[in-house]
Every structure is written in C-alpha cells, then in structure tokens.
Amino acid sequence: MSLRRFIAVRVAATVPILFGVSVLTFALVHLTPGDPIDQMVALNPQISAAEEAAIRARYGLDGPVWQQYLTWMGNVLQGDLGTVIIVDQPVLPYIMARLPETIALGLFGWAIALLIAIPTGIYAAVNKDTLGDDLSRVFALSGISLPNFWLGLMLILVFALWLDLWPVLAPDKPLLSTEMLWYLVLPGVTIGTASSATLMRVMRSSMAEEMNKEYVTAARAKGLPERTVVLKHVLRNSLISVTTIAAFLTASIFAGAVVVEQVFAWPGLGRAFVGAIIGREVDLIMAITLFTGVTIILANLLADIMYAVLDPRIRYD
Amino acid sequence: MSTDRGRIRITGFDADRVESREPLSDWTETRDTETEGRWTRAWREFRRNRSAMLGLYIVIAMSLLALFARPITIAGVTVQPISLAPYDPGAILYAQGLDVSAYEAPSLAHPFGTDGSARDVFSRVLYGGRFSLSIGFIVVLVTAAIGLVYGAVAGYYGGRVDEVMMRLLDLIFAFPGLLLALIIVAVLGKGYWELVLAFTAIGWAGYARLIRGEILKVKENEYVLAAKALGARDRRVIFRHVVPNAIAPLIVQASLSIGTVVIGVAALGFLGLGLPPSSAEWGTMLDQTRQTIVQGPGGSIPWWVTVFPGGAIFLFVMSMNLIGDGINDALDAQEGEDVARGGEV
C-alpha cells in the first residue's frame, strides 16, 4: 500500500467513527428520561400543554428521537450549536472565546511534559540501573499517582501562598503577556506532570530497546562519539513510539483541563464544561463533548499518519 | 519436572489430564494443579519484591482503617462495632458543646486539625477511605468481568463480530473517560451507585481491548485446536482454555486501574459532582477547602485541610501502582520461565 493510499483508507475509516461519536454524544444527553423541557415544566407548573408543545417545537424536541438527531446534526453542520441559556449567547462564539485559553494551557502542559520527559527518559535509558534511573522511576511513579487537582492545590499552597512567587489568581492581562505566561507555569506543571511521567516511561523503554539494535553497534564501530550515537541515531528512532502516544496524551490533557481549570479558576473550555453540567446547559454539554471527541479522533488520525511517514515499514503490515 | 514430561508439555495445557485421558472414559475433573502452581510461583516472586509488598501493606492498612473507622450497622444489627475514628465524620464539633473552632491547626486532640465547619479532619480522612476504596474495588471487579467477556467473544469469533464490537470500543475511546463520567453523573444525578455506574460505563472498554489482543494470540495455540477437536463447546473453549492463558495482563491492568478509578472518583468529588457536599469523601473534602486556599482565609493558611485528604489519595494510588508493577514483574518472570521451558523442547 502506498503512503497516499494508506492515508486515504485511514481518513475514510474515520468518517463512520465521527458519525458514531455524534450519535453517542446525542444519545448520552437525550436518551435519558426527562429532557430539559420536562424539567422546565416541572419547575414552572403554570406552563400549559400548548405552550409546552410550542417550546418543544422551537427547540426541535418534538418528533421521534432520530428526527431530533437529524435536526441537531443538520444545525451543527451549519455551525449552529444552540444557545447558552444563562448568558443567552450562541454556543459557537461562547466556545471560541474559551478555546484559546484551553489551548494555551494544553500547549504549556505539553511543553513542560516534553521538557521533563525527553531528557529524563534519555538519561534513564543510557544510565540504566543506576541511581539516576531509579530516581527517574520514582518520579514516574509519583507522577502518575498524583491526583492533578491535589497537585494544583499543593503548588498554590507552597509557591503562591507560602513562597509568594506566583499570584494566586490569574492576572487580568491578555493571554500572550509576560505576566500571563509566568502565571501559566503552575497550571502547566499541574496539567503536564502526569503526561510527563507516562511519556518518560515510554521514552525510557523505547530508548533502551533501540540501544540494543545492531545499527547502534555499527555506529559505534564506525567510531562515532557516544553522544552522536545516542542523540542522533537512537533518539530519532525512539521518538517514533513517542508520537504514537501523543494522541493518547492529547486526550488526557483535555481531561486534565477539566480539573485543572477548576483548580486555578482558569476561564477555559474545561471550566465551561463543568459549569454546563452543573447548570444543565444541554447544548453546551453536547457541543463541548462533540468537539472533544472530534479533536481526539483527528489527533489519532494524525498520529497514525505521522507514524506511517516516520516508519515506512508500517504501511506494509 | 522430568524432561520426559517437559517434552510433551504445552503451556497452559493440563498435562495431568493428558495422562489420565487413556482410556477416554477415565476423563475426570482433576484439580488443576498446574494452574495453581503457576499462581503460587507468581506469588513467591511478588513476595520477594520489597516495594510491591510495601504497597500491599499500605493498601491493607488503609482498607482496614476505613473499615474500622466507624461501626457498621446493617438493618439495625451492628456487624462491626469498632470505632477507630475519634469523632463522627459529619459531626460539627462546637455544635456538640466541645471547645473547638473552625480551622484549628493539628494538635494531639485533632491530629489532622479541623476543617471550616469545625469537623475533625482525621476522622473524616479515615472514614472517607470507605467511599473511594470501595468504589475503586467494585468498579474494577465489574469492569474487568465485563471487559473480559466482551473482549473474549470479540477476539475468539473474530471476523465481522469482532469488527462491529471493536468499532463500538473506538467510540468510547474517542472521549476522555472523565468527560463521559461527568456527563453520566450529570444525567443520573449524584450518589454512590451513580458513581459506580459512571466509572463502570467508561472503564470496561480498556479491558475489552486488552483481552481481545491476548485472545488473538492465545487462540492460535494447538491446545485450542485440540480442545475443539475433542468436541468442546465454544463457551468451554473460551473460558476453560483460552481465557486462563490470556488473563495475566488483565490482572496487571486491573491492579493499576484501581488507582485510576480512585483518582477519578475524587476528581468528580472535587468538581462538586461526586457525593453530596457534606460527605467525607476525599475529593469532596478538597472541593470544600479550595475556596479557602485560593482566597486565603486571612492570617494563617489552613494547609492541613488540603494536605491530608489529598495525601490519602496519593498514598493509596501510589501503593496500588507499586502493587500493579509488582504483579506485572511477577507474571512477566513467569512468562519468561515458560519461554525458557519452551526452548527445551
């Protein structure tokens, strides 16, 4: 299979999954007893049956479930994701206003995860079974065992309250200002620690595996300095396995954002999602769920394609 | 084990039964000594692993502390009379006429201090283990069982059945688990069993995918063919021959996911979507203290209300992960032995 064909097949296979994701999103919110209108009626008993029918018709909640799904999907494809009731604003701009905050937080988390994981992973793999390796394993174990909300609270406690190095609450500055980037360090560390631990484990084991390959012996025999062997030959080949878990980690950073944004009162999508759940903003819940699902599927797709580009053997499976 | 027997042994196949199979009418359900030996060996390996044993002791200690924190009464009958926690976890102490105020620093009377409602944090942390730990264990048992059956069926039958069943899994993996759990809790409402259901609904998929992959490998073995040739039904082949040989990774995965579930439950509690706000669940306790920490109560910072409940989660999850790694090593070593034995043939 040529690379182009592989990509085409892989992209085609994504379409039914995207469809399934939209169905699941819809079903989760709608196939439960009591839709939002029922609740509205229960809270306001003075609403007459005729008024109820009119409200249902207005929100596309009359008719059978499949019809409701098609109506919703049709609207979504036209960019109409519904309304955020509490602020009476369409969902799409509401999400778009918060998306950059979450992306900034995610990128910061990613950067910190990579900065810690790659060098530590290399070091641990090269110096296997030394004290440094043991320490890196303790770090990895603690990293995956730390609940991110607690880590966030502890960082606030130590660095913001006791040492007074950071402000407790985000400064009222634009996202790309120095103060804001400085503020983002604590949330970034919070969201990146777990990913960094996972990434480090993968990095270490894949480096250790590559170190035993014959091309490493060949490179050494050629008289290349160990530095070049490790940082050029081994590292490049080990990074392939890191890209495969990158998609998985995107999902975990998204899940992390839900919690971490709550800890740091960060005005992103995760916080909006929790707010939507508490306030039962059905349209917003569906929109963010769908958005997350689609993002993760596309991240998986990208990872698969990158993997195929980086490792030519994969296509011939 | 004699070389002679080693020669005819195929891993996972009950060699004793082979010997007693002649004549065929002598087929008996003898005790599966080979399987027992395998687990005994794994246990011996595990016991030698010091960090894993430390994890095991901590988990046992925390479970016992949670169990004996307050008396348990079922239908009016006290089944567990011991009360290790000095105070009722929900008791507002100054309301009971005690000389205690809110946010009292740790002291001999209150080793973990008191929280914003003047409740004894030590009692609450002990008692809170009941929620997280029991949900963790229940969810992992149920999800592993569901995932096992689902993955075994998909992997064993393969083809179109497999294709359809796996696409369903892809859907679940398209969402971060926490997101789905949040939606499910939002739909069902807050509560203990609602949490169990939410984490069960998202948790089984991982096991299903794992066990399917194992089954695909195991079912190629000749003993599966042999069992089929002997006329065994599909169900028997799957659950007597295939699954027992594919189950090791599932056990490792299960021991590692207890920690994940405990963190997930606490995360929902922290977001205010777990148990009712006054309950002593660890995550819920942290939620109540977040505002105080972030805004600062003025004067001294009540660090203890954050450090202890969160520390309990961390300690438990870390210990569970140590156990999981230990099980992984023990079963891996086991597989290594198998490989070595296979080399003799």
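The values are calculated or read from the model by the stated rules, or taken from the named source; none is laboratory data. Note that the structure is a prediction, hence the values are computed from the model and not measured. When we count neighbours, we look across all protein chains shown, and the Cβ atoms used for this are built from the backbone with ideal geometry, even at glycine. Ligands, DNA and RNA are stripped out before the accessible areas are found, and what is left, the full protein with its side chains, is counted by its heavy atoms. Shrake-Rupley method; radii C 1.70, N 1.55, O 1.52, S 1.80 Å.
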Here are some residues: B:GLY189, B:GLY177, B:GLY155. Which one is more than 14 Å from chain A (Cβ to nearest Cβ) and of a type outside the set (Val, Ile, Thr)?
B:GLY155
Against the conditions (1) part of a helix (DSSP H, G or I); (2) more than 30 Å from A:ARG10 (Cα to Cα), where does A:TRP266 fall short? Just the number, please.
(1)
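Listed here are the residues, each with its yes/no results for (1) in a helix (DSSP H, G or I); (2) at pLDDT 85 or above; (3) of a type in the set (A, V, I, L, M).
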{"residue": "A:ALA208", "(1), (2), (3)": "yes, no, yes"}
{"residue": "A:VAL230", "(1), (2), (3)": "yes, no, yes"}
{"residue": "A:ILE245", "(1), (2), (3)": "yes, no, yes"}
{"residue": "A:SER252", "(1), (2), (3)": "yes, no, no"}
{"residue": "A:ARG271", "(1), (2), (3)": "yes, yes, no"}
{"residue": "A:THR292", "(1), (2), (3)": "yes, yes, no"}
{"residue": "A:VAL309", "(1), (2), (3)": "yes, no, yes"}
Could you please find all residues in the stretch B:192-203 being open to solvent by less than 30 Å² (accessible area, probe 1.4 Å) and more than 12 Å from chain A (Cβ to nearest Cβ)?
B:LEU195, B:VAL196, B:PHE199, B:THR200, B:GLY203
Hits in the stretch B:158-170 - residues which are more than 10 Å from B:ALA205 (Cα to Cα) and either within 14 Å of chain A (Cβ to nearest Cβ) or among the polar types (S, T, N, Q) (or both)
B:GLU163, B:VAL164, B:MET165, B:ARG167
Give the number of residues within the stretch A:272-297 that are in contact (Cβ under 8 Å) with a residue 60 or more places away in the chain, within 14 Å of the chain's Cα centre (by Cα) and open to solvent by 30 Å² or more (accessible area, probe 1.4 Å).
2
The stretch B:42-82 - residue that is free of Cβ contacts under 8 Å to residues at least 12 places away in the same chain and assigned to a strand (DSSP E or B) and, of those, least open to solvent (accessible area, probe 1.4 Å)
B:ILE72
Conditions (1) in a helix (DSSP H, G or I); (2) surrounded by 14 or more Cβ atoms within 10 Å (Cβ to Cβ); (3) over 20 Å from the mean Cα position of the chain (by Cα): number failed by A:GLU101
(3)
Return a yes/no flag: does the stretch A:172-191 have any residue that is within 11 Å of chain B (Cβ to nearest Cβ), in contact (Cβ under 8 Å) with a residue 24 or more places away in the chain and under 25 Å from the mean Cα position of the chain (by Cα).
no
Note on B:GLY90: of the conditions (1) outside any loop (DSSP other than H, G, I, E, B); (2) touching a residue at least 24 places away in the same chain (Cβ under 8 Å), unmet is (1)
Exception for A:GLY106 within (1) within 14 Å of chain B (Cβ to nearest Cβ); (2) touching a Leu at 6+ places or on another chain (Cβ under 6 Å) falls at (2)
Answer residue from the stretch B:302-321, given it is of a type in the set (Gly, Ala, Ser) and at the interface with chain A (Cβ under 9 Å from one of its Cβ atoms) and is most open to solvent (accessible area, probe 1.4 Å) among those
B:GLY311
For the stretch B:225-249, give me the residue count where each residue is within 30 Å of the chain's Cα centre (by Cα) and in contact (Cβ under 8 Å) with a residue 12 or more places away in the chain.
14
So which residues in the stretch A:138-149 are at the interface with chain B (Cβ under 7 Å from one of its Cβ atoms) and under 10 Å from A:VAL259 (Cβ atoms), if there are any at all?
A:PRO147, A:PHE149
Condition test on B:ASP162, is it at pLDDT 85 or above and among the acidic types (Asp, Glu)?
yes
For B:ASP287, all conditions in the list (1) open to solvent by 40 Å² or more (accessible area, probe 1.4 Å); (2) in contact (Cβ under 8 Å) with a residue 12 or more places away in the chain; (3) over 17 Å from B:PRO89 (Cβ atoms) hold save one; what is the number of the exception?
(3)
